[in-house]
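**Q** Sharing a structure below in structure tokens format, with a few things to ask.
The values are calculated or read from the model by the stated rules, or taken from the named source; none is laboratory data. From a predicted model like this one, the values you see are computed outputs, not experimental measurements. Every residue, glycine as well, gets a Cβ built from its backbone with ideal geometry; the counts of neighbours run over all protein chains shown.
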Amino acid sequence: MKERIEEIVKEACLAEGVSLYDLQWKAVGRGKLLLVRITRLGGVSISDCRRVSKFIDNQLEEDDPIEGRYSLEVSSPGLERELTKKSHFVSAINESVMLTVHGKEENTKVRGILKEVNPKSIMLLSETEDMLEIPLTSIKKAKIFFDASIELKAAKQAEKNKE
């Protein structure tokens with residue numbers, strides 16, 4: 001069942017020119033929620049979400065692979081999206097990230113710019129301008145961190161570099 005659903009979702013994304021970011025099942029009320037997050041360079045529009053949703057919905061109606069009640073939700077991963085797969089980290093290179101890292105005694109929060117993704121670690125330029133190598137296995141939680149002041153500073157620096 002799950003393999004067929006994932007196949008349908010991937011077909012929908014391919015047909016509509018977007019990429020599958022994440023697919024999750026959540027229990028809601030008396031049924032299930034199939035949550036599909038899509039992405040594309042330059043961003044995802046509401047129209048993209050509608051087209052992908054319609055494609056998936058039509059195929060699910062035809063194949064009927066889901067038992068019981070369910071809802072379908074198609075959206076973008078959002079501005080402060082979670083990074084749960086290696087491909088998510090790769091797509092976030094040069095973006096601000098916030099990590100929760102397993103420490104020896106307690107978890108530590110680290111913010112910085114993701115600079116590199118290696119087979120077993122990432123390289124992060126921290127807020128203190130230190131380059132940190134963080135093993136992927138020590139990352140408990142990761143997400144894009146949007147800070148308007150950082151983005152503004154980066155935009156101003158880019159303008160200076162053009163001059």
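**Q** Being aliphatic (A, V, I, L, M) and within 20 Å of Cys49 (Cβ to Cβ) is the filter here, so list the residues in the stretch 67-102 that pass it.
**A** Leu72, Val74, Leu79
**Q** Continuing with the same structure: Give me the pairs, please: first residue somewhere in the stretch 63-75 and over 13 Å from Leu33 (Cα atoms), second residue anywhere and in a loop (DSSP other than H, G, I, E, B) and not β-branched (Val, Ile, Thr), beta-carbon distance under 8 Å, and either six or more positions apart or on two chains.
**A** Pro65/Met1
**Q** Which of (1) surrounded by 12 or more Cβ atoms within 10 Å (Cβ to Cβ); (2) assigned by TED's automatic domain parsing to the domain that holds Ser126 does Val36 not meet, given it meets every other one?
**A** All conditions are met except number (2).
**Q** Would you check which residues across the stretch 1-45 are among the acidic types (Asp, Glu) and in contact with a Leu (Cβ under 7 Å, 6 or more places away or on another chain) and list them? Working first, answer last.
**A** Within the stretch 1-45, the first condition is being among the acidic types (Asp, Glu), and the residues that meet it are 3, 6-7, 11, 16, 22.
Listed by number, the list holds a single entry, Glu6.
**Q** Counting only residues that are in contact (Cβ under 8 Å) with a residue 40 or more places away in the chain and in a strand (DSSP E or B), which one in the stretch 1-32 is nearest to Asp48 (Cα to Cα)?
**A** Residue satisfying both the conditions and the ranking: Tyr21.
**Q** Select from the stretch 53-87 the residues that are among the small types (Gly, Ala, Ser) and outside any helix (DSSP H, G or I) and write down the one among them that is farthest from Leu20 (Cα to Cα).
**A** At the first step, the residues of the stretch 53-87 found to be among the small types (Gly, Ala, Ser) are 53, 68, 71, 75-76, 78, 87.
With the extra rule that they be outside any helix (DSSP H, G or I), the set shrinks to 68, 71, 75-76, 78.
Values: Gly68: 25, Ser71: 18, Ser75: 10, Ser76: 10, Gly78: 13 Å.
Residue satisfying both the conditions and the ranking: Gly68.
**Q** Another one. Scan Glu6, Glu73, Glu11 and give me the residue that is closer than 21 Å to Lys85 by Cα, surrounded by 12 or more Cβ atoms within 10 Å (Cβ to Cβ), among the acidic types (Asp, Glu) and under 16 Å from the mean Cα position of the chain (by Cα).
**A** Values: Glu6 fails: under 16 Å from the mean Cα position of the chain (by Cα); Glu11 fails: under 16 Å from the mean Cα position of the chain (by Cα).
Unique residue meeting the criteria: Glu73.
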